[in-house]
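Notes follow once the structure below has been shown.
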Amino acid sequence: MAEPKPEEISHPPMDQLQGLEYCIDSNPSWGEAIALGFQHYILALGTAVMIPSFLVPLMGGTDDDKVRVVQTLLFVEGINTLLQTLFGTRLPTVIGGSYAFMVPIISIIHDTTLLSIEDNHMRFLYTMRAVQGALIVASSIQIILGYSQMWAICTRFFSPLGMIPVIALVGFGLFDKGFPVVGRCVEIGIPMLFLFIAFSQYLKNFLTKQLPILERFALVISITVIWAYAHLLTKSGAYKHRPELTQLNCRTDKANLISSAPWIKIPYPLQWGAPTFDAGHAFGMMAAVLVSLIESTGSYKAAARLASATPPPAHILSRGIGWQGIGILLDGLFGTLTGSTVSVENVGLLGSTRVGSRRVIQISAGFMIFFSILGKFGALFASIPFTIFAAVYCVLFGIVASVGLSFMQFTNMNSMRNLFIIGVAMFLGLSVPEYYREYTAKALHGPAHTRAVWFNDFLNTIFFSSPTVALIVAVLLDNTLDYKDSARDRGMPWWANFRTFKGDGRSEEFYSLPFNLNRFFPPS
């Protein structure tokens, strides 16, 4: 048998993924684009409903308050997504609510001054205003780091090696939102997981008028089937005598969103009243803003590969972070109850559908704004049990994580130095937040528990985030451990072309501002 040739046993590194049907600046037909945009909107509902459903009752809010917060969050998500795709990174990313803000927000909810308010409605309003004030102040962090180009300077210390664990843990770090939630209602979660995989992978070659309809629309088709199945179980009385937690996760009529939603309601700034400002609350929120910044940086790099674009230059990343800061400012002004970050699940959907078109995401933003105003229709879709979304997350978060691992091709993975850095960063990125979660579940407070509440919130928020821990460890080790002699092993020669806007000719095609605005804001 002849000896294999080198090109037959190795795969050359590629800065753009292969096999994508539509890249960032190519578009499907309008009908297909609208259907795909609606699919991204449906996926974004999971987090948009889950966060207010958890936080609003803790604040003393009613179902009516919860519906208004969900509507407001979706409305601002739509605006932020349009701003980011038009003027920010211009990558096809949905800007959604972030779990990173949960720690400081829960700390504000448990503030003794607010807890002493006896009237539940007034406590909800005063807590909302306190969260708004903290978000408004904390948004300045991303606005300053982004528009001053300070974040662009910071990213120059990031190598492909350092980004591997960060991008991977953007997906892997959300494992607790996947199968642990599916397990709360396996009778709809498991079928949803199997059906989505079957449609998107095994039946992807099924064509209708030359369109791979099952692959392209696997999400909305499988959700429709399982949602109808869950509704049938609900109406047949299958959960009548089951525990309350099971009913909450399985029934289609426990969200109380449709009955509470108004027919038409337009969210507006300061709708909850004038925000209140507290230095301690704002400082704790700043940690969440930093976490959001790091997680979004990893998500932007993943989205660029799944949209078949080149890695975003440092200037473009910084511009996107600046607009994301504007988004958090809008969150504070409107009262969304959480800050903004890139929606990881929607990034994963780019890979599942093999459509990375910017236009599709802009259409999804239009759906978010439209259905947030038409409350009853939006509440209908928002009543989908979260277990169904969790089953999809098992696939989509995994796709994003694997994109992070794909950066290994640009580094020398036969180097013990590189193996050490990636292994330690990924392990600590999973292990440290898990320690913080377990500690908090047992002690009802984080490991940082001093008299300075703002200090506790800052540390507990930072170390609850897997990508943030991974970035701290990976970047520190990568820039201190034999870094002078390891540029090639770290992948820096490949990375160099994409560090500036003019380093690669394709950057203008992917990242230039619309309406010829580059004349007034020339990229560096």
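The values are calculated or read from the model by the stated rules, or taken from the named source; none is laboratory data. This structure is a prediction, so every number in the text was calculated from the model and none was measured. Backbone-built Cβ (ideal geometry, glycine too); neighbour counts: all protein chains shown. Each accessible area value is taken on the protein alone, full model and side chains, heavy atoms only, with ligands, DNA and RNA left out. Shrake-Rupley method; radii C 1.70, N 1.55, O 1.52, S 1.80 Å.
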Value in Å of the Kirkwood radius, where segment 393-524 supplies the Cα pairs that are averaged: 18.2 Å
What pairs in Lys204/Lys235; Lys177/Lys376; Lys177/Lys442; Lys66/Lys265; Lys66/Lys301; Lys177/Lys240 have C-alpha atoms more than 24 Å from each other? Lys204/Lys235; Lys177/Lys376; Lys66/Lys301; Lys177/Lys240
Only four residue types carry charge here, +1 at the Cβ of Lys and Arg and -1 at the Cβ of Asp and Glu. Report the dipole size of segment 370-519 about the Cα centre in Debye, rounded to the nearest 20. 240 debye
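Express the carbon and sulfur contribution to the solvent-accessible surface of segment 45-125 as a percent, rounded to the nearest whole number, probe 1.4 angstrom.
After summing per-atom areas, the C and S share lands at 63 percent.
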State to the nearest 20 debye the size of the charge dipole of the chain about its Cα centre, where the only charges are +1 on K and R beta carbons and -1 on D and E beta carbons. 500 debye
In bins 5 Å wide, starting from 0, what share of all Cα pairs of segment 378-441 does each bin hold, as a percent? 4, 12, 13, 15, 17, 14, 10, 7, 4, 3, 1
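If Asp482, Asp111 are ordered by their accessible area, calculated over protein heavy atoms with a 1.4 Å probe, which sequence runs from highest to lowest? It would help to have the intermediate numbers written out before the result.
Working: Asp482 100, Asp111 40 Å².
If we order Asp482, Asp111 from most to least accessible, we get Asp482, Asp111.
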Grab the other residues whose beta carbon is less than 11 angstrom from that of His121, score K and R as +1, D and E as -1, and report the net. -3
Using a 1.4 Å probe, what is the accessible area per residue for the chain, in Å²? 41 Å²
Place +1 on the Cβ of every Lys and Arg and -1 on the Cβ of every Asp and Glu in segment 99-235, take the dipole about the Cα centre, and give the residue among Val182, Ile164, Ser222 whose Cα lies farthest towards its positive end. Ser222
Quote the charge dipole size of segment 448-517 about the Cα centre in Debye, to the nearest 20; the model charges only the Cβ of Lys and Arg (+1) and of Asp and Glu (-1). 100 debye
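Ordering Ser116, Ser222, Ser53 from largest to smallest accessible area (1.4 angstrom probe), what's the sequence?
Ser116, Ser53, Ser222
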Just to check I understand the Karplus step: with θ = phi - 60° and J = 6.51 cos²θ - 1.76 cosθ + 1.60, what whole-Hz values come out for segment 121-133, glycine and proline as x? 5, 5, 5, 4, 5, 5, 5, 4, 5, 5, 5, 4, x
What does the charge count near Ser200 come to, summing +1 for each Lys or Arg and -1 for each Asp or Glu among other residues with Cβ under 10 Å from its Cβ? +2
Alpha carbon centroid spacing (whole Å) that separates segment 78-144 from segment 159-178: 24 Å
Can you list the cysteines of the chain that have no other Cys Cβ under 4.7 Å away? Cys23, Cys154, Cys394
Among the trypsin sites (Lys or Arg not before Pro) in segment 400-458, which ones are in a DSSP loop with at most 14 other Cβ atoms within 10 Å of the Cβ? Mind listing them? Arg451
Helix-only estimate, please: 222 nm mean residue ellipticity of the chain, summing -39500 (n - 2.57) across DSSP H runs of length 4 or more and dividing by its residues, to the nearest 500. -20500 deg cm²/dmol
All other residues with a Cβ under 13 Å from the Cβ of Ile136 taken together, and with Lys, Arg as +1 and Asp, Glu as -1, what is their net charge? -1
